[in-house]
1. Calculate one ³J(HN,Hα) per residue across the stretch 57-69 by plugging θ = phi - 60° into the Karplus curve 6.51 cos²θ - 1.76 cosθ + 1.60, and present them in order as whole Hz with x for glycine and proline.
2. Mind ranking 65-78, 103-116, 32-45 by how tightly packed they are, going by the mean number of other C-beta atoms within 10 angstrom, highest first?
3. So for the stretch 17-128, what percent of the C-alpha to C-alpha distances run longer than 16 Å?
4. Relative contact order, percent, of the stretch 17-128 when contacts are C-alpha pairs under 8 Å separated by at least 6 residues?
5. Can you sort Tyr22, Tyr124 from fewest to most other Cβ atoms within 10 Å of each residue's own Cβ?
6. With each label point set 7 Å from Cα along the Cα-Cβ vector, what nm distance links His129 and Val39?
Amino acid sequence: MKVTKMPHETESFWEQSGWATYGAIMLFGSGLVGIVDGVWALRYADREADLVVLEKNIEVWGAVSLVGGIALLAAGIGVFDGQNWARWMGIVLALLAIVWSVGWAELQPIQSLIGALIHITVVYALAAHSVTVDRGT
C-alpha cells in the first residue's frame, strides 16, 4: 500500500535514507572506538611502540585518536538529528579516518583495510544521500 503525502509534508530523516542512518551509526561507532583507543594510548604513553608515523610517540597518536573520536561521535549524533553541518563534518572526518586507517597498514593490514572500506562507504552514504528533518514548524 502506497501512502501519498500532501505537498506541504516532508519526509522525516528516518524515512529518507537507510544510508544516512548507516553513516550516522558508523560515525558514532568509529567515534566510540577512537575515544577508547585514545584513552588507552594516553594511559600507556610511557611504553615504547612501533608506529608507522611519529615513531614511538604513542602519546601523540592517543591525543589525535581521542580528539578525532570525540569529533566523529559528535558528527554521528548530528547526522542522527539531521543536521547538515554534521553531514559535511562526517564526510571530512571519514576521509581523514581513511588516511588514519592507512597509517596503520604496516602493522595491522587487515584491520586497516576494513577500516578504510567502512569509512569509504560512510563517505558515500553521507555524500550521495541528503539528510533533512521535518521539525514540524
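1. Rounded to whole hertz, the list is 10, 5, 5, 5, 4, x, 5, 5, 5, 5, 5, x, x.
2. 65-78, 32-45, 103-116
3. Above the 16 Å cut-off, the stretch 17-128 has 57 percent of its Cα pairs.
4. The normalised contact order for the stretch 17-128 reaches 31 percent.
5. Tyr124, Tyr22
6. For His129 paired with Val39, the spin-label model returns 3.0 nm.
Read-outs: derived from the displayed coordinates by stated rules, not from any lab. Computed from a predicted model, the values in this text were never measured in an experiment. With ideal geometry, Cβ positions are generated from the backbone for all residues, glycine too; neighbour counts draw on all protein chains shown.
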